[in-house]
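The values are calculated or read from the model by the stated rules, or taken from the named source; none is laboratory data. Computed from a prediction, not measured in an experiment: that's the story for all the values here. Positions of Cβ are generated from backbone atoms using ideal geometry, with glycine treated the same way; all protein chains shown enter the neighbour counts. Calculation scope for accessible area: heavy atoms of the full protein, side chains included, ligands and nucleic acids excluded. Shrake-Rupley method; radii C 1.70, N 1.55, O 1.52, S 1.80 Å.
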Amino acid sequence: MSTTPHDLREQVRRRYAESALTVIDGSCGCGGGGCCSDDSAASAVTSERFGEVLYDVEQRGELPDAAVLASLGCGNPVAVADLHEGETVLDLGSGGGIDVILSAKRVGAGGTAYGLDMTDEMLALAQRNARDAGVTNVHFLKGLIEAIPLPADSVDVVISNCVINLSTDKAAVLTEIARVLKPGGRVGVSDVVAEDHLTAEDRAARGSYVGCIAGALSRSEYVAGLEAAGFEDVSVEFTHEVADGMHGAIVKGRKAG
Ligand SMILES: C[S@@+](CC[C@H](N)C(=O)[O-])C[C@H]1O[C@@H](n2cnc3c(N)ncnc32)[C@H](O)[C@@H]1O
């Protein structure tokens, strides 16, 4: 029997609810990817490619331990987002809140950082982490990245860390990013991206969907999707290999002004 998009999303939700609970109950340090990256990959290898190691010591020092432990990303979007005081930032699939907290500190009291996630357990963990970090200019929203619960033209910067590959409707996500961004607004996300020669079957052979590998777009699919959604100056830069022919990447674009 084939897996429907609804089933796949439910598998993703369950997987990340479990990850959040292991941090909340203290039974697992998810950081380093040990329990949160792809099941099929060796954890000693994935620990260098996912999670807290992708943040420098100074950034980790700004965060509560649980926010660092809950890090499940494949990059560091805050490091490349060039955030400014007063801006409004939206983090898609905000997980334990690591990038929302770092963003909130960079945009300051005059700015706002939103985190959007579909998983109740992650939202609870992120709220706790933001409280412990002492940031008040944050709002965590429950919802889908395919139907962002914010008005059009309301956000300066959209970031995301290892989430778009998990979406069952990536075209909808990219269209929604374009809708909520103000004219001239930026998108800067970290994601797993495949080399163009890898077929969907090749990608699935390298890791699971919930482990952020099988659902990854290729570089040219990402570029085409962003351009179709109305982005200019699109770039996809591979930063580190996470599986054979598959990379952590920084994906950027600008909404036409
Ligand atoms: C791999 S984790 C990354 C979390 C966080 N960005 C980080 O770097 O630690 C993926 C997160 O995205 C959320 N997520 C996955 N698909 C989603 C969707 N379609 N809509 C909203 N949230 C989603 C999951 O609940 C989970 O918290």
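Odds and ends about this structure:
- Asp153 modelled with pLDDT of 95 or more, more than 17 Å from the chain's Cα centre (by Cα) and closer than 22 Å to Leu54 by Cβ: no
- Residue count, segment 108-130 (criterion: hydrophobic (A, V, I, L, M, F, W, C) and surrounded by fewer than 24 Cβ atoms within 10 Å (Cβ to Cβ)): 4
- Filtered residue count, segment 131-150, keeping only those that are part of a loop (DSSP other than H, G, I, E, B), touching a strand residue (DSSP E or B) at 6+ places or on another chain (Cβ under 6 Å) and open to solvent by less than 60 Å² (accessible area, probe 1.4 Å): 3
- When segment 77-130 is filtered for residues that are assigned to a helix (DSSP H, G or I) and farther than 24 Å from Leu21 by Cβ, the ones remaining, listed by number, are Pro77, Val78, Ala79, Val80, Ala81, Ser103, Ala104, Lys105, Arg106, Val107.
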